[in-house]
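Heads up: the structure comes next, in structure tokens.
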2 protein chains.
Amino acid sequence: MKVAELDTPVLLLDADVLAGNITYMKEMTEAAGIRYRPHSKTHKSPVIARMQAEAGAVGICCAKLGEAEVMAAAGVDNILITTPVVGESKIGRLLHARNTARIAVVADNADNVAMLGDCARMSGTRLDVLVEVDVGQGRCGVRPGAEAVELARAIHRHPGLEFAGLQGYQGRIQMVEDAAERRAATESGLDLLETTVRAVEDDGMPVPVRTGGGTGTSPFDLGRDTLTEIQPGSYVFMDSRYGGIGWPDRNAPPFGQALHILTSVVSRPAADRAILDAGLKAASCDHGPPRIADLENALFEFGGDEHGIARMEGGGEVPLALGEKLRLVPSHCDTTVNLYEQFMIVQGGNVVDVWPIEARGRVQ
Amino acid sequence: MKVAELDTPVLLLDADVLAGNITYMKEMTEAAGIRYRPHSKTHKSPVIARMQAEAGAVGICCAKLGEAEVMAAAGVDNILITTPVVGESKIGRLLHARNTARIAVVADNADNVAMLGDCARMSGTRLDVLVEVDVGQGRCGVRPGAEAVELARAIHRHPGLEFAGLQGYQGRIQMVEDAAERRAATESGLDLLETTVRAVEDDGMPVPVRTGGGTGTSPFDLGRDTLTEIQPGSYVFMDSRYGGIGWPDRNAPPFGQALHILTSVVSRPAADRAILDAGLKAASCDHGPPRIADLENALFEFGGDEHGIARMEGGGEVPLALGEKLRLVPSHCDTTVNLYEQFMIVQGGNVVDVWPIEARGRVQ
């Protein structure tokens, strides 16, 4: 089947660009001697998780337990859940999922640690727990230093738990456009994590895993040895926000735009606007509107749940015919992927495969 | 099962408030002597579509062909697709879906009309087509008056088509907060539609259906006889945007908030913030952040794909414990529902049923 024959809106994933992105991350991390654990919250696809594992990834990250359950059931191993798993019901599900895969979890709270440990012990197992440290994100996490040592000790001492390391991640700096500013924020977070690693080690506990970092900070994360592994997610697909950030010394990692939304012109009510069939239910808006890839100087404007409006920069006639199909670059790949059931895998104008987005909507 | 035992984030739908909203719309339209065709793009659920039909709805609206296919397959009859269906592949699907339900479609383009008619004729059938008129939305639609007459004539003359009426809908005015301003915009749109109805009738074609209007403009739409049916969607669930608009003479329709997101506190890193497990993948952001329902003076801030941050207005300690569950009011019900697979139906603190959101993600 040809891409041009697909009903729209539909998510296109370029097989070659995807493979290139996966290879480049492997080479980048190998050269730095640092492992990588890609974040599956971006793709939510066991197929892609397996491709990443074949390219040397040490395992994967999942944002939620529900994603980890899907990945474990599909045979993906060595999973880190990067947000706290709270309450007996979810901890029960976590312990159950561990029957099929190795799964570690982060924690930032003593009560949560006690419950994780007690539940693990009652199931006759030991659970790997990392301490989440707030190195600048201002979201979850204990404070660097003494607070982290105290929680690490609580994990270390609990017979149902194994202290596995520290997580220090800053999502909000990944897309800072200025490379120098992004580097400075990365360094300051890594400094805080490093201080904390030393404090925990000084307290007598080894810190085998130090995990964090993302696509935007990867060149800086890999430039020092604070982290033992990085957690990039978006590099597999890329999006218009990541595509627009600056890199050090103009030396941008060659990640290509693998993901597009194919949309159609469904109305030509006036010369200066074309109406597309992709709206808020086909493209996420949390990072702004998508970019029109196949028509220069055209701007996308959301026109409601099911419509987009294409106009030319500075006005003028939009050279698009009724029924014409064109590609959009999502502004945020993670939240856009979460709207769809499947990727249409494309190669040179042909659809060569269909991969389900199995963990779509797994927010629990 | 108790609501408090549910894993989160999860979508709660209050059975009694839902039933009340459906009943009130029935009474409102009955009193006005105008039919109603609720928009199923809000709920995407055949169960709710059937409840609306039982409460006297003349049929339903679908925003996309894919939604209509789901509704038709589930036995819902008399469907109007409110956006153009363009291209041979989709028109083929439309004609196929018409084997199970009556389905009409809108059009705003002569080429599209010709293709609809030719395809219908080749399948040995006649298709009901309404002319979409742009009465102020600035999206799809022909201009009121002569342009609409011309397209109505093309439909009327085509042996494969039946001219079924006119659609004039303004989504963008539904949530204008000021009632007088919203009334004025409604009246101006209805005036344009009325002029067009007369022009088409003067040209010798009856206009059996005049459809448009929504939840926000319903009191004004029902106050005159321009429309034969209104298309309200959000009234079944409501959201924080609709909940905040003004109504004429303080006489607000008593639509209640039937839909909530249940979320949990997963981290208490500091006194002045609590971290919730609902982020951009659990609550849509196109109309701003959701509102925290169960804690007065608390504000919700998006903290990424999977996190929300609760703070108190003006700072101060957030009185929420780790693991505590609380409800959010979505800022936009349609796009929030589209993130989930199912509604948990609740009544007095108990979960009494689970309804699948069958048309979720059906953007094609």
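Residue pairs, Cβ under 6 Å, 6 or more apart or interchain, first in region B:1-21 and outside any helix (DSSP H, G or I) and surrounded by fewer than 19 Cβ atoms within 10 Å (Cβ to Cβ), second at pLDDT 95 or above and of a type in the set (S, T, N, Q). List them.
Pairs that qualify, where the first residue is outside any helix (DSSP H, G or I) and surrounded by fewer than 19 Cβ atoms within 10 Å (Cβ to Cβ) and the partner is at pLDDT 95 or above and of a type in the set (S, T, N, Q), are B:D7/A:S89; B:D7/A:Q364.
Which numbered condition trips up B:A55, out of (1) surrounded by fewer than 18 Cβ atoms within 10 Å (Cβ to Cβ); (2) touching a Lys or Arg at 6+ places or on another chain (Cβ under 6 Å); (3) not acidic (D, E)?
For B:A55, the exception is condition (1).
State all residues of region A:23-45 that are buried (at least 22 other Cβ atoms within 10 Å of the Cβ) and assigned to a helix (DSSP H, G or I); if no residue qualifies, say none.
Once the filter is applied, which keeps residues that are buried (at least 22 other Cβ atoms within 10 Å of the Cβ) and assigned to a helix (DSSP H, G or I), region A:23-45 yields A:M25, A:T29.
Output the residues belonging to region B:304-341 that are within 10 Å of chain A (Cβ to nearest Cβ), touching a helix residue (DSSP H, G or I) at 6+ places or on another chain (Cβ under 8 Å) and of a type in the set (A, V, I, L, M).
If the condition is that a residue be within 10 Å of chain A (Cβ to nearest Cβ), touching a helix residue (DSSP H, G or I) at 6+ places or on another chain (Cβ under 8 Å) and of a type in the set (A, V, I, L, M), then B:L322 is the only one that fits.
Please enumerate the residues belonging to region B:209-248 that are of a type in the set (F, W, Y) and closer than 17 Å to B:G59 by Cβ.
B:Y235
Yes/no matrix, rows are residues, columns are (1) aromatic (F, W, Y); (2) free of Cβ contacts under 8 Å to residues at least 40 places away in the same chain; (3) within 14 Å of chain A (Cβ to nearest Cβ):
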{"site": "B:P206", "(1), (2), (3)": "no, yes, no"}
{"site": "B:G223", "(1), (2), (3)": "no, no, no"}
{"site": "B:G233", "(1), (2), (3)": "no, no, yes"}
{"site": "B:N251", "(1), (2), (3)": "no, yes, no"}
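Identify the residue in region B:78-107 that is in contact (Cβ under 8 Å) with a residue 12 or more places away in the chain and of a type in the set (S, T, N, Q) and, among all such residues, is nearest to the other protein chains (Cβ to nearest Cβ).
B:T83
Of the conditions (1) touching a Gly at 6+ places or on another chain (Cβ under 9 Å); (2) in contact (Cβ under 8 Å) with a residue 12 or more places away in the chain; (3) within 14 Å of chain A (Cβ to nearest Cβ), B:P269 satisfies every one except a single condition; which number is it?
So the condition that B:P269 fails would be (2).
From (1) under 30 Å from B:H287 (Cα atoms); (2) within 14 Å of another protein chain (Cβ to nearest Cβ); (3) of a type in the set (A, V, I, L, M, F, W, C), pick out the condition that doesn't hold for B:A110.
(1)
Which ones in region A:95-112 are surrounded by 22 or more Cβ atoms within 10 Å (Cβ to Cβ), touching a strand residue (DSSP E or B) at 6+ places or on another chain (Cβ under 8 Å) and of a type outside the set (G, A, S)?
Listed by number, the residues that qualify are A:I103, A:V105, A:V106, A:D108, A:N109.
Tell me, please, whether a residue that is buried (at least 20 other Cβ atoms within 10 Å of the Cβ), touching a strand residue (DSSP E or B) at 6+ places or on another chain (Cβ under 7 Å) and not acidic (D, E) can be found in region A:175-186.
No, because not a single residue in region A:175-186 is buried (at least 20 other Cβ atoms within 10 Å of the Cβ), touching a strand residue (DSSP E or B) at 6+ places or on another chain (Cβ under 7 Å) and not acidic (D, E).
Considering only residues that are in a helix (DSSP H, G or I) and under 14 Å from the mean Cα position of the chain (by Cα), look in region A:47-89 and name the one that is nearest to A:T100 (Cα to Cα).
The selected residue is A:A68.
Return the total of residues in region B:292-341 being assigned to a strand (DSSP E or B) and in contact with a Phe, Trp or Tyr (Cβ under 7 Å, 6 or more places away or on another chain).
So the count comes out to 4.
Taking region A:121-155 as the search range and keeping residues that are outside any helix (DSSP H, G or I) and acidic (D, E), which one is nearest to B:A310 (Cα to Cα)?
For region A:121-155, the residue satisfying everything is A:D134.
Out of (1) of a type in the set (V, I, T); (2) under 25 Å from A:R143 (Cβ atoms); (3) touching a helix residue (DSSP H, G or I) at 6+ places or on another chain (Cβ under 6 Å), the odd one out for A:T100 is which?
It is condition (2) that A:T100 fails.
So which residues in region A:325-350 are surrounded by fewer than 17 Cβ atoms within 10 Å (Cβ to Cβ) and of a type in the set (D, E)?
Passing the criteria: only A:E341.
Report, by residue number, each residue of region A:300-318 that is exposed (fewer than 15 other Cβ atoms within 10 Å of the Cβ) and closer than 12 Å to A:R273 by Cβ.
Those that are exposed (fewer than 15 other Cβ atoms within 10 Å of the Cβ) and closer than 12 Å to A:R273 by Cβ: A:E301, A:G315, A:G316, A:E317.
The values are calculated or read from the model by the stated rules, or taken from the named source; none is laboratory data. Since the model is a prediction, treat every value here as computed from it, not as a measurement. All Cβ positions, even for glycine, are placed from backbone atoms using ideal geometry, and neighbour counts span all protein chains on display.
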